[in-house]
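K.L.:
Got a structure for you, written out below as structure tokens; questions coming shortly.
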Protein chains: 2
Amino acid sequence: MSSHAHHPVLKKNQKLVQDVLVSACAPLSAYSILDVLRDQGFRAPLQVYRALDKLMEFGLVHKLESLNAFVACTHDACEANEPAAFMICEECESVSELGDTRLASHLGKLADHENFALKHTTVELHGRCKNCS
Amino acid sequence: MSSHAHHPVLKKNQKLVQDVLVSACAPLSAYSILDVLRDQGFRAPLQVYRALDKLMEFGLVHKLESLNAFVACTHDACEANEPAAFMICEECESVSELGDTRLASHLGKLADHENFALKHTTVELHGRCKNCS
DNA sequence: CCTAAAAATGTTATGTTATTACATATCAAT
DNA sequence: ATTGATATGTAATAACATAACATTTTTAGG
Ligand SMILES: [Zn+2]
Ligand SMILES: [Zn+2]
Ligand SMILES: [Zn+2]
Ligand SMILES: [Zn+2]
């Protein structure tokens, strides 16, 4: 009974990758995911990357560009190009995803002001989380 | 007669890499820089990466995490952890570096609010620039 | 149901980005 | 000159990502 857009039923590999990311307590590289899924029959990186591409398309997974790693979306699933921000703790590797409307709007204005047609934003904050201070 | 902090004299390799980036009209990967500098005696990636590390430390170069590529700073040289934002055109590959004080302050507040000790920010906006629309 | 097109998967090889490890050279301060 | 710190040279390897092609599964029409 979600009030949100309907997302396609996940295929076998997509579901496996998604489950790994949801269970993880930190962002995982594609190759880490591959290692976890060897028991389930995964053999090659492409199996992971293809699943990740779809999951990102569905807004269920995000890539952290500054880590070359992936996390499950902690919102109900971000819309395709909705800008999110990530706070990444360098101590405990925890990541929290922020859906900050004002940040999104600020970035939108910034782009507008330069006549820049914004398609996608990457916002990643590195530092120390509350627990690690 | 700059009013800014004094930056160290660049070493030979650092100067070579810096010159390549300043001349470039788009972000360059480390391996592209290596190719350009083969004539000047560069042989291995590490020569480039070491120079880049120092240049980034000095605030003279920034890494675009979403491209795995590097650009020369277009400000007088960013302070170590000063947050900058980059607008990256997916059509012409041009990059413009924005020093937006309000964005920086907004990200600072966002972090404070979560008791997050902010060390470094990555803000990269992808889309189409003014000229390409 | 049958079939054709589209999407997903399997597999191998390769391309691209970044670091480890260790040797040598240069520089700066006693 | 001696010493310690920084910078450089080089080879090998690790880590991240895609190309190309074959096969299977899913989906939608007839
Ligand atoms: Zn999300
Ligand atoms: Zn932490
Ligand atoms: Zn800068
Ligand atoms: Zn452009």
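K.L.:
Could you pull the copy-to-copy label distances for B:Ser96, with points set 7 Å along Cα to Cβ, in nm to one decimal and sorted shortest first?
P.N.:
Label-point distances to the other copies, shortest first: 3.4 nm.
K.L.:
So which residue of B has the beta-carbon closest to the axis that swings B onto A, and how many whole Å away?
P.N.:
B:Glu65, 2
K.L.:
Sort shortest first the distances from B:Ala26 to its counterpart in every other copy, using label points 7 Å along the Cα-to-beta-carbon line, and give them in nm.
P.N.:
3.6
K.L.:
Averaged across A:94-101, how many Cβ atoms of other chains sit within 10 Å of each residue's Cβ atom? Walk me through the numbers before you get to the answer.
P.N.:
Numbers: counts 0, 0, 2, 0, 5, 0, 4, 0.
Per residue, the average neighbour count from other chains is 1.
K.L.:
Let me ask something else. Restricting to DSSP H runs of at least four residues, report the calculated mean residue ellipticity at 222 nm for the protein assembly as shown, -39500 (n - 2.57) per run over all residues, nearest 500 deg cm²/dmol.
P.N.:
Numbers: 8 runs with 90 residues, N = 266.
Taken over the protein assembly as shown, the calculation gives -10500 deg cm²/dmol.
K.L.:
Run the count for chain A, please: Lys pairs, Cα-Cα under 15 angstrom, 8 or more apart or on different chains. Before the final figure, lay out the partial values.
P.N.:
Working: A:Lys11/A:Lys54; A:Lys12/A:Lys54; A:Lys15/A:Lys54; A:Lys54/A:Lys63; A:Lys109/A:Lys119.
Lysine pairs, 8 or more places apart or on different chains, close enough: 5.
K.L.:
I've got another one for you. Distances in nm, one decimal, shortest first, from B:Asp39 to the same residue in every other copy, taking the label point 7 angstrom along Cα→Cβ.
P.N.:
In nanometres, ordered from closest: 5.6.
K.L.:
Count, for each residue of A:126-132, the Cβ atoms from other chains sitting within 10 Å of its Cβ, then give me the mean as a whole number.
P.N.:
Values: counts 8, 9, 6, 5, 4, 1, 2.
Rounded to a whole number, the mean comes out at 5.
K.L.:
OK, next. Average partner chain C-beta neighbours within 10 Å, per residue of B:112-120? Show your work: numbers first, answer last.
P.N.:
Numbers: counts 0, 2, 7, 5, 13, 10, 5, 6, 7.
Going residue by residue through B:112-120 and averaging, the value is 6.
K.L.:
Can you work out the Karplus-derived ³J(HN,Hα) for every residue in the range B:61-74? Use 6.51 cos²θ - 1.76 cosθ + 1.60 with θ = phi - 60°, whole Hz, and x for glycine or proline.
P.N.:
With the stated coefficients, the range B:61-74 comes to 9, 10, 9, 8, 5, 6, 10, 6, 9, 10, 9, 6, 5, 9 Hz.
FYI, it's all coordinate maths here, none of it is from the lab. Computed from a prediction, not measured in an experiment: that's the story for all the values here. As a convention, Cβ positions derive from the backbone with ideal geometry for all residues, glycine included, and neighbour counts pool all protein chains shown.
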